[in-house]
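Below: one structure, written as structure tokens.
Bear in mind these aren't lab numbers, they're just calculated from the coordinates by the rules spelled out. The model shown is predicted, which means the values in this text are computed figures rather than measured ones. Reconstructed Cβ throughout: ideal geometry from the backbone, glycine too, with neighbour counts over all protein chains shown.
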């Protein structure tokens, strides 16, 4: 039966891959151009104020901007007047300058001017990727159709004629001296790169995602045949996926939890599946078997708001629970050890945001990371590895690099590409990113994550007229071999969130999904696992042939939340 279930999972995933192949080959990159269109769509904002040799703009990651994005600073320009009626028909916009995003904070971003700044002042309107010159350098000579698609999809750019660009392109890409307001679309055999005039990379897309014609005839989508099997009739395969969904049926309710579970973590330890769950005030540990059995309960020594819970297993023996907590306008985290079905305090008041990771890929989260708290953006840049030394915690520099923007809550380390080196994954402000070392391999569109665990705090509590900001704590994606091919896929939460968002109000997540990312042919393809989930997913694990997740109803904007339950989705 196990072999049959694995075969059926492979069948379900192969059909999903066929769907992706059909989309990318037969539809001439509707998805690829859609992603490019999303990345380069115009976004309007304003210059807030100068700061040093940069300017602050009123946009951040929630609007979908990225490091390296170019914004045109718009001037009023010349009026267009009808020659007969003398009616003002409009104004020709004048580009006063170009700003390049260098840092993205919560609520605003920093941008560096690429040329003169004398005419730029606070209150000036800005628009992303608008009015810039655009050139396609096609190093295959076969991508005029791609040029036509790009020209149609991005009409706000001033496109140079395809043939003129081909005649003028250098033998190898090189910076364009003196030009600042230009985007270079560079088509190579294996990918499409988009760079600025200085050749700094803005975005890149694998050949199959950008529908590049490298001179090879696209193969027909594979014809997938159901594998032969002698299994009994009740062992039916997953239903044929539609629109990128692998249907393993409905998830069963494995147990009812206390209301308003804001974060949970599951780990199989010494023959038991243990779940730590919190409503933001206390911690409950439960054993998942035929239902749920209470094991232990505790509260951090520093009374405050529990932000997350994470199992940490530094060796094969003891199991610890890391509990990042907010109290007294600062981070004060705790660590417990589970002994004889009791949560025994090990440390309290740690000034780091805690998260545990399986860096060596053996299935055990042996690495405890502590991230500094930064009042501006919450998750600071400095991250240390914490370890126990004679009963006390000490810190050292991790033996691996982490990308800028990585968060220990909502982050994951896993070898998704199969090169033997774990990639760093994190979900932040609705976007999932995958990095190899410090190179970005993948950036999702919005709607990733979606959590009920949130915090509103004062940026500077010493001020009478203080400013508040909010941060959301996402459920970490999970790496597991979903389809039985021996390679890890990434399972992450995505959601539909209510437009009602204000400091101090609980976030509302209407619907959630399990989104699967698989690395194939040099890029990531994306599908959906199972059915849409009502409410928010606040905990996630894959173990023993099933996906376990905690679903919590959001309640109302002014309530403490709704009912919570553990659900199990069989992969067999």
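Here are a few things to note about the model shown:
- Part-to-part distance (alpha-carbon centres) for region 470-484 and region 163-207, which is given in Å: 35 Å
- Protection proxy ranking for 446-454, 414-422, using the average of other Cβ atoms within 10 Å per residue and placing the highest first: 446-454, 414-422.
- Scaling against 2.2 N^0.38 Å puts the C-alpha radius of gyration of region 252-570 at 0.93.
- Rel. contact order, % - alpha carbon contacts under 8 angstrom, at least six apart, region 252-570: 14 percent
- Bridge type composition, region 131-210 - antiparallel percent by DSSP, nearest 5: 55 percent
- Panel order for 311, 159, by other beta carbons found within 10 Å of each beta carbon, from fewest to most: 159, 311.
- Kirkwood Rh (inverse of mean 1/r, distinct Cα pairs), region 131-210, angstrom: 12.6 Å
- For the peptides 395-405, 166-176, the ranking by mean Cβ contacts within 10 Å, running from highest to lowest, is 395-405, 166-176.
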